[in-house]
Amino acid sequence: MANHLLDLLRHWHAGRDAGGWVLGTVYATEGPSYRKAGAMMLFNDLGQQFGLLSGGCLEADIHRHARRALASEQALLLAYDGSDEDDLSFQLGIGCGGLVRILLQPVTAASDWLDLPALLAALEQRRGGHYRQRILGNAPPRARFVPGLQAGVLSPRGALTEDGEGTWLDTPVGRPLHLLVVGGGSDARPLVALASGLGWEVTLCDPRPANARWEYFPAAASILRCDPGELPAEALFPHVDAAVVMTHNLGLDARAMAALQGSSARYLALIGPARRRREVLELAGLPEQRLSIAVHGPAGLDLGAELPEGVALSILAECHGVVTGASLVPLSDPARARLPISRDRP
């Protein structure tokens, strides 16, 4: 299963009445950690876990504490310090060396289900907002969803805030990233499968009868049989976060590029060499200096990929980095420490 919050909430909602549930959330970190503030996970009293709060090394112990929180119906605060020789995370030899603080909250009718039904409904309707959780141990759990954020959120980071009621973790939440793939040939299959595995919503468009068949793209959320120049702009474009054009036909590619200039996409890629990009844009009547959305063509990062699976990986890696505003610099590069955005991983 995917680890996007929407997928976790769907599992919770399907089994909400079958047993007890606890929501686990990273609310603060110091130093390197696998997940950052705002990461969420769900536990139930059947022994099931959905999501991750670490690399998988702490979840069993967190689940043990989740049972305590469920039994007491009180919120519980945990801390794992990888630099402390007496701490469990150090004894497990995890090696990250950072401090992770976790909030556990029972999800019960008494706590209004932590407002998770409202959050799930918003995400199902492609809406977002902020999820606010009170950071207080040995107290009744409190949380609420505040609607308002519309864009897809790939890497949500929560922030601690203070008001008259205490300390809160305020986490931006949004629907999964929506990827439009124009072109349903064989090389699009691993792209759609991998994007779906990341938890993204994928719409596929190709007017040609032999392409974009459901049996080839079972992971796609929807398949459109229209010409790319006739994409349903009012219904589709406000929700598209990224698009990859890969029809291998100059005319279809040109019509797709022209149509997508009016979309909300933050990443637009075109398969093929730079010479072909110039031909497509010229055919579409789109001078490069006047593009409203930059075109990444050739699409993807240079990973040395030749097969469709590797090409799909390179495209989605670039897409993820562009949408999140990442540096796209290797994590091991010493120069990365001087960049304004730092995304430390153990």
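Quick one: which strands (runs of 3 or more DSSP E) lie wholly within region 128-167 and hold at least 3 residues that are under 28 Å from GLY199 (Cα atoms), of a type in the set (Gly, Ala, Ser) and at pLDDT below 90? Write out each step before concluding.
Numbers: elements: 129-134, 143-147, 159-163.
Output list is empty.
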Quiz item: Only one residue in LEU42, LEU9 is closer than 17 Å to PHE145 by Cβ, part of a helix (DSSP H, G or I) and modelled with pLDDT of 90 or more. Which one?
Solution: LEU9
Quiz item: Identify, please: which residue in region 49-90 is of a type in the set (S, T, N, Q) and surrounded by fewer than 16 Cβ atoms within 10 Å (Cβ to Cβ) and is, among those, modelled with the highest pLDDT?
Solution: SER72
Quiz item: Pick from VAL323, VAL280: which is surrounded by 19 or more Cβ atoms within 10 Å (Cβ to Cβ) and out of contact with any helix residue (DSSP H, G or I) (no Cβ under 6 Å at 6 or more places or on another chain)?
Solution: VAL323
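What do you reckon, is GLY272 touching a Ser or Thr at 6+ places or on another chain (Cβ under 6 Å), crowded, with 17+ Cβ neighbours inside 10 Å and of a type in the set (Gly, Ala, Ser)?
no
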Practice problem: Among the residues of region 269-299, write down those that are farther than 18 Å from GLY251 by Cβ and aliphatic (A, V, I, L, M). | Solution: ALA269, ALA274, LEU291, ILE293, ALA294, ALA299
Practice problem: Any chance you could count how many residues in region 16-27 are modelled with pLDDT under 95, out of contact with any Asp or Glu (no Cβ under 9 Å at 6 or more places or on another chain) and under 21 Å from ARG142 (Cα atoms)? | Solution: 2
Practice problem: Residue by residue through region 13-35, note down the ones that are in contact (Cβ under 8 Å) with a residue 60 or more places away in the chain and of a type in the set (Asp, Glu). | Solution: GLU30
Exercise. Determine which single condition THR171 fails, assuming it passes every other condition in (1) among the polar types (S, T, N, Q); (2) within 30 Å of PRO228 (Cβ to Cβ); (3) crowded, with 19+ Cβ neighbours inside 10 Å.
Key: (2)
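Which residues, counting only those in region 225-266, are over 22 Å from HIS296 (Cβ atoms) and either hydrophobic (A, V, I, L, M, F, W, C) or in contact with a Phe, Trp or Tyr (Cβ under 7 Å, 6 or more places away or on another chain) (or both)?
Once the filter is applied, which keeps residues that are over 22 Å from HIS296 (Cβ atoms) and either hydrophobic (A, V, I, L, M, F, W, C) or in contact with a Phe, Trp or Tyr (Cβ under 7 Å, 6 or more places away or on another chain) (or both), region 225-266 yields CYS226, ALA235.
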Quiz item: Is there a residue in region 236-248 that is in contact with a Leu (Cβ under 8 Å, 6 or more places away or on another chain), hydrophobic (A, V, I, L, M, F, W, C), under 30 Å from PRO32 (Cα atoms) and in contact (Cβ under 8 Å) with a residue 60 or more places away in the chain?
Solution: yes
Quiz item: Filtering region 287-320 down to residues that are without any contact (Cβ under 8 Å) to a residue 40 or more places away in the chain and touching an Asp or Glu at 6+ places or on another chain (Cβ under 8 Å), which residue is surrounded by the most Cβ atoms within 10 Å (Cβ to Cβ)?
Solution: GLY300
Practice problem: State whether the residues of region 200-210 include one that is over 19 Å from ALA188 (Cα atoms) and surrounded by fewer than 21 Cβ atoms within 10 Å (Cβ to Cβ). | Solution: no
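The values are calculated or read from the model by the stated rules, or taken from the named source; none is laboratory data. Note that this is a predicted model, so its numbers are computed, not measured. Reconstructed Cβ throughout: ideal geometry from the backbone, glycine too, with neighbour counts over all protein chains shown.
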